[in-house]
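The block underneath contains the structure these notes are about, expressed in structure tokens.
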Amino acid sequence: MNHKAIKNLVLAAMFMALGLVLPFLTGQIPQVGSMMLPMHLPVLLCGLICGWQYGAAVGFVLPLLRYVMFGMPPIFPTGVAMAFELAAYGAIVGFLYAHSRWQCVLSLYRCLIAAMVAGRVVWGAVRVLLTGVAGEAFTWQMFMAGAFLNAIPGIVLQLIFIPAVMVALDRTGMVHFRHASAMKSDATLPH
């Protein structure tokens, strides 16, 4: 394994650990704890920092592992739907950001918003399939409440916290924003 792959593997493990622990912290706030979407933050950061493959893997495994270890979230249909939703978040944000012409705060917001919308659509589609198998109804109102209305505090947190972390990491040199000219010069360097 090369140095970058080892670094990404270690970071992905750290993001997985954060995803396991963060719900305990936000759970201490009964009114909005689950609305903070604590597992989403490390998955989105993993996709941005480590790449779409790591973001997808961490996103898919995280809710399932958390169920095995702590019994939460309930595995069916919540945990299974969350596995696909978080995998979509990690994969989409990582892929879009890696292929952005510029990697800057504006590009970061575009990628985050696209991933958030796509992940919620994936969640809704999986919930429709799972509730159909279980013989239950999953209505448009249930989708809107679960995907958007109940998630507003978490969406706001993601749109503030993730860019702030990425800017801080850029300033420390751990992650670098880059422009199209820098991407062209990187492409000409031997790997």
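Arranged by the count of other C-beta atoms within 10 angstrom, fewest first, what order do VAL61, VAL10, VAL105 take? Don't skip to the end; give the middle numbers.
On the way: VAL61 17, VAL10 11, VAL105 14.
Placing the least packed residue first, the sequence is VAL10, VAL105, VAL61.
Modelled this way, with points 7 Å down the Cα-to-C-beta line, the labels at ALA17 and ILE75 are 2.6 nm from one another.
Can you compute the helix-only [θ] at 222 nm over the chain? Use -39500 (n - 2.57) per DSSP H run of at least 4 residues, normalise by all residues, nearest 500 deg cm²/dmol. Provide the component values of the computation, followed by the final result.
Details: 8 runs with 138 residues, N = 191.
Value at 222 nm, helices only, nearest 500: -24500 deg cm²/dmol.
Give the order of CYS46, CYS111 when sorted by the count of other beta carbons within 10 angstrom, beginning with the fewest. Before the final figure, lay out the partial values.
Working: CYS46 32, CYS111 24.
In order of increasing Cβ crowding within 10 Å: CYS111, CYS46.
Relative to the longest principal axis of the Cα atoms of the chain, the long axis of helix 105-134 lies at roughly 30 degrees.
Neighbour counts of other Cβ atoms within 10 Å put GLU85, GLU136 in the fewest-to-most order GLU136, GLU85.
Readers should treat all values here as calculations from the given coordinates under stated rules, not as data from a laboratory. All values reported here derive from a predicted model rather than from experimental measurement. We place every Cβ from the backbone using ideal geometry, glycine too, and count neighbours over all the protein chains shown.
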